[in-house]
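So the structure is just underneath, and the comments pick up after that.
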């Protein structure tokens, strides 16, 4: 089963409506999303300061803030933030978490349709969300929001080879049984094989930005059976399955973790930061 990033890429084909429908699944249980999804490595914020000049007082537009998992650390660093998210429940959780930061505004809107403020931003940040924005407009809209020389900073989170590798090979049998769209033998990619070239090419095609610079961080997170099932319940592809198939899949995954892996598995994440400056 692909993660959200892979699902969105697949839906960059003509079925834009499917991508939009999948993107709305996150708002169905915003509290679960906030609890189960991993945060970002602290070094990533240091990279933002170095590569995108994100510092106290910077005017930041965050696209797809979700429940504020990146917004809160940016606010703690003294940024002035306008955070936009299409999901009203996700935005409500973000507002609650950021209530103590008066320099942060959370807006419920689709970025594609949201009227850009008159004053330009220093940085546009999108953490594990840019792939859900309509590819026909996302680069142009981001550039229009920035001052000359301002930075577009896109974070992608991907599941890569590592952790409890045998589990991720064996669990494919559960997906092949309950999800007819599963490609046989699907395995997480190796981090070395993900070079960010697709994003860099999109940036270059836009003609609005200079070269893209990347920073990457890998992180292993160990989950109990219940924690891992909660994580799966936040993924758009899992949420979009028919209820009987989804529950059958989750039961199969739980049986495998409990029966063969002692009730705990480790997942390896690749956090990739891509920074491009507006021409």
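The values are calculated or read from the model by the stated rules, or taken from the named source; none is laboratory data. All of these numbers come straight from a predicted model, not from anything done at the bench. Neighbour counts are summed over all protein chains in view; Cβ atoms, including those assigned to glycine, are modelled from backbone coordinates with ideal geometry.
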> Hey, any hits in segment 228-244 for a residue that's more than 14 Å from residue 32 (Cβ to Cβ) and in a strand (DSSP E or B)?
Replying inline: no
> Only one of (1) under 18 Å from residue 166 (Cα atoms); (2) in contact with a helix residue (DSSP H, G or I) (Cβ under 8 Å, 6 or more places away or on another chain); (3) in a helix (DSSP H, G or I) is not met by residue 223, so which one is it?
Replying inline: (3)
> Are any residues in segment 208-228 closer than 10 Å to residue 264 by Cα, in contact with a strand residue (DSSP E or B) (Cβ under 7 Å, 6 or more places away or on another chain) and buried (at least 16 other Cβ atoms within 10 Å of the Cβ), and if so, which ones?
Replying inline: 223, 228
>> Anything in segment 199-220 that is outside any helix (DSSP H, G or I) and under 21 Å from residue 40 (Cβ atoms)? List them, or say none.
In response: 212, 213, 214, 215, 216, 217, 218, 219, 220
>> I'm trying to understand the selection: among the residues of segment 263-279, which are in a loop (DSSP other than H, G, I, E, B) and either modelled with pLDDT under 95 or more than 29 Å from residue 124 (Cβ to Cβ) (or both)?
In response: 263
> Only one residue in 173, 205, 177, 260 is within 30 Å of residue 145 (Cβ to Cβ), at pLDDT 95 or above, surrounded by fewer than 17 Cβ atoms within 10 Å (Cβ to Cβ) and out of contact with any strand residue (DSSP E or B) (no Cβ under 9 Å at 6 or more places or on another chain), so which one is that?
Replying inline: 205
>> Based on this model, can you work out whether residue 147 counts as surrounded by 15 or more Cβ atoms within 10 Å (Cβ to Cβ), outside any loop (DSSP other than H, G, I, E, B), on the phi < 0 side of the Ramachandran plot and modelled with pLDDT of 95 or more?
In response: no
>> Regarding segment 74-90, can at least one residue be identified that is within 26 Å of residue 234 (Cα to Cα), in contact with a helix residue (DSSP H, G or I) (Cβ under 6 Å, 6 or more places away or on another chain) and assigned to a loop (DSSP other than H, G, I, E, B)?
In response: yes
